[in-house]
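The values are calculated or read from the model by the stated rules, or taken from the named source; none is laboratory data. Since we're looking at a predicted model, the values are computed, not measured. For neighbour counting, all protein chains shown are included, and Cβ atoms are generated from backbone atoms with ideal geometry for every residue, glycine included.
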Amino acid sequence: MQYNDVYILDINEARSSLISKVVFDFERKLLSVYLRFKTHPLTYDNVPLKEFENLCSSESIGKYYLHYIKPNFSLTKLRNMAQRPKGINIAKDEVRWIDISIDVQKIIKDWLIAGEKGTYLNVKLRMLPDGQVDQYECLGFVTQTVPKEVYNAAEAEKKGSGRDIKAPILGNAKELQWGDRNEETIPGGLQGSPYKEGEGGDNLPF
């Protein structure tokens, strides 16, 4: 399956008990190998297209990987923000981390929801289909949710006018391929600390 410059090959267990999927970035020559016993992929630098083709067509994908890929290519090292890869949008059967950037100055304060444990901002992500990113390599854009009472009030005044309410675009969302990083080493990772409802409600910058 090919998405723009990225090729994805899902591998069933009958064909390989070691590898579940390989992803190849044609432009950057990055090969990501998903091992069945490992949560995050191993991503190798400067892998020629021919090696990827040989891997996919080999009788034993696991043996080819162990004999020709693993010992001959270096794991990519993405250690700082300047080395971040391009934005992607690839469906996975594992945790996906999405960076969301919001311009707080565009938030309509009257639309914030006051609750017992805090003040909440409801947003929606208009996400592109799998495999697609926009011109900024983002998954899509984030809008503020129109409150139900605002919509209903407009509808009561004039039928259909609720649909004409313009929700402000607050920012965008981007997913990045972090290679062999685990969740604890991703910048801003939660490191196992779950979000609790109402936490941070008084820390909005206005």
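Scan the stretch 36-50 for residues that are in contact with a Ser or Thr (Cβ under 9 Å, 6 or more places away or on another chain) and loosely packed, with under 14 Cβ neighbours inside 10 Å and the total you get is 2.
Here is a check on your reading of the model: is residue 55 part of a helix (DSSP H, G or I), of a type in the set (A, V, I, L, M) and in contact with a helix residue (DSSP H, G or I) (Cβ under 9 Å, 6 or more places away or on another chain)? So residue 55 fits the description; yes. Among the residues of the stretch 66-90, those identified as of a type in the set (A, V, I, L, M, F, W, C) and either at pLDDT 80 or above or assigned to a helix (DSSP H, G or I) (or both) are 66, 69, 73, 75, 81, 82, 88, 90. Looking across the stretch 122-146, the residues that are aliphatic (A, V, I, L, M), assigned to a strand (DSSP E or B) and farther than 25 Å from residue 23 by Cβ come down to 123, 142.
Within the stretch 151-171, residues that are assigned by TED's automatic domain parsing to the domain that holds residue 124 have Cβ atoms under 8 Å from residues that are surrounded by fewer than 15 Cβ atoms within 10 Å (Cβ to Cβ) and of a type in the set (Asp, Glu) in these pairs: 154/164; 161/155; 162/155; 170/103; 171/103, counting only partners at least 6 apart in sequence or on another chain. For the stretch 147-170, the set of residues classified as in a loop (DSSP other than H, G, I, E, B), within 20 Å of residue 127 (Cα to Cα) and in contact with a helix residue (DSSP H, G or I) (Cβ under 7 Å, 6 or more places away or on another chain) consists of 168 only.
Counting the residues of the stretch 125-144 that are surrounded by 16 or more Cβ atoms within 10 Å (Cβ to Cβ) and free of Cβ contacts under 8 Å to residues at least 40 places away in the same chain gives 4. Quick check: anything in the stretch 26-35 of a type in the set (Phe, Trp, Tyr), out of contact with any helix residue (DSSP H, G or I) (no Cβ under 7 Å at 6 or more places or on another chain) and not in a loop (DSSP other than H, G, I, E, B)? The answer is yes; a qualifying residue exists.
Residues that are assigned to a strand (DSSP E or B) and surrounded by fewer than 18 Cβ atoms within 10 Å (Cβ to Cβ) within the stretch 10-25 comprise just one, 10.
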